1. Using a 10 Å cut-off on Cβ atoms, rank the peptides 145-151, 62-68 from the highest mean neighbour count down.
2. Choose one answer from Ala217, Ala295, Ala47: the residue with the largest mean-square fluctuation in a GNM of the chain with alpha-carbon springs under 10 Å.
3. Put one equal scatterer on each alpha carbon of region 65-136, apply the Debye formula with no solvent term, and list log10 I(q)/I(0) at q = 0.14, 0.15, 0.21, 0.25 1/Å to two decimals.
4. When the dipole is taken about the Cα centre of the chain, and only Lys, Arg (+1) and Asp, Glu (-1) are charged at their Cβ, what size is it in debye, to the nearest 20?
5. When you have a sec, figure out the Kirkwood radius of region 33-261 from all distinct Cα pair distances and drop it here in Å to one decimal?
6. Show that you can apply the helix-only estimate: for the chain, add -39,500 (n - 2.57) for every DSSP H stretch of four or more residues, divide by all residues, and state [θ] at 222 nm to the nearest 500.
7. Show me, for region 264-273, the HN-Hα J-couplings you get by feeding each phi into the Karplus relation (A = 6.51, B = -1.76, C = 1.60, θ = phi - 60°), rounded to Hz, glycine and proline as x.
8. Which value, in nm² and rounded to one decimal, describes the direction-averaged projected area of the C-alpha convex hull of region 265-380?
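No value in this document is a laboratory result; all are computed from the given coordinates. Every value quoted in this text rests on a predicted model; they were computed, and no experiment measured them. Cβ atoms come from the backbone with ideal geometry, glycine included; neighbour counts cover every protein chain shown.
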Amino acid sequence: MKPGKRPENPRFSSGPCAKRPGWQLSTLENACLGRSHRSAEGKARLAEVIERSKSLLGLPEDYLVGIIGGSDTAAMEMAMWNLLGERGVDVFAWESFSKGWASEIRDQLRLEDTRVFEADYGELPDLSQADPARDVVFTWNGTTSGVRVPDGDWLSGDREGLSICDATSAVFAMELPWDKLDVATWSWQKVLGGEAQHGIIVLGPRAVERLESHQPARPLPKLFRLTKNGKLISGIFEGSTINTPSLLCVEDALDGLRWVESIGGVTELTARSERNLEAVSAWVDRSEWVDFLAADPTTRSSTSICLKIVDPWFTSRSLEEQTTIEKNIVAMLSEERAALDVGSYVAAPPGLRIWGGGTVETDDLEALFPWLDWAFEAAREKHPER
């Protein structure tokens, strides 16, 4: 029998993610539309995003924040193409995006002195292999595997190399040791529930020093250039942008930041995400057909919560059959408007991925769980055991 109650907001996508509670289109009525992003008002809005982000996250005073086009992907590529090559590189990869960074460093940047430490979905590689004399590239939270770095203790406080962190589904939801991160990137489409195609790059003083002293052994397209005549282009970190941003999306990002301030800051936003993970954990403990993809509880993501189906009826089938069943479950949930976009990432093992960031209400997750149980049982009936 179908459950009687649906989530008020059935949006559990891992990007772009659910808007903040109470969000309405009228929130954007004062957006700086039809104006140049180089106008005084346009630059002021961009600068406000930078300053509010720095303040909320408690970034060190000498860290710089810039807004760029192309979402977190472009922000990470900008960092790697500008900064890598002076030293050997250690890459830690355990899900789709971190493996993509490893591939880009080896195959596109063609850096021969590259070591890649990999782990399967659900696991972390051996982080103790990081060499403080080398640059380190990693994701803080594996958006497609639901496995996060538990802390920054493995990063040396007196490292010689740079630490470059893709933190797109971690910032505003997990505590980050900023003094251990020389570069961090994210997009406001994740934890803040903003819109796509805009990235944030944070540079610590050691990264700035590298930028101004290291000449990459490759041409850089205009969209990636952070220096001119050997000096940092400071305007990028003061409200100017390399190319044209959407001021509608900027207004939406400001709304998200103001909402975070109104609820008590990043501490409360992080707590909301942790409560969501606790709710999912309690349901998983009650369930006999599902478990976390992350094997170690200390590495379980509170944002991109990835689950695997462990019932023998499912695990005994071929990968093709498992994928078909997963798609069937996801389609049923979508048709019922009980859950949207909860399928696993295309390159990840078949299962479910539920966003648990702070814009998602715990009550909506509690309303979702009976629907997940219903969809699983309905799929069993549709695909009986042979």
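1. So the peptides 145-151, 62-68, ranked by packing, come out 145-151, 62-68.
2. In this elastic network of the chain, the residue with the biggest mean-square fluctuation among Ala217, Ala295, Ala47 is Ala217.
3. Computed log10 I(q)/I(0) values: -0.45, -0.52, -0.96, -1.20.
4. 1160
5. Taking the inverse mean of 1/r over all distinct Cα pairs, region 33-261 comes out at 17.8 Å.
6. For the chain, the value works out to -10500 deg cm²/dmol.
7. Result, rounded to whole Hz: x, x, 5, 4, 6, 4, 5, 4, 4, 5.
8. 7.2
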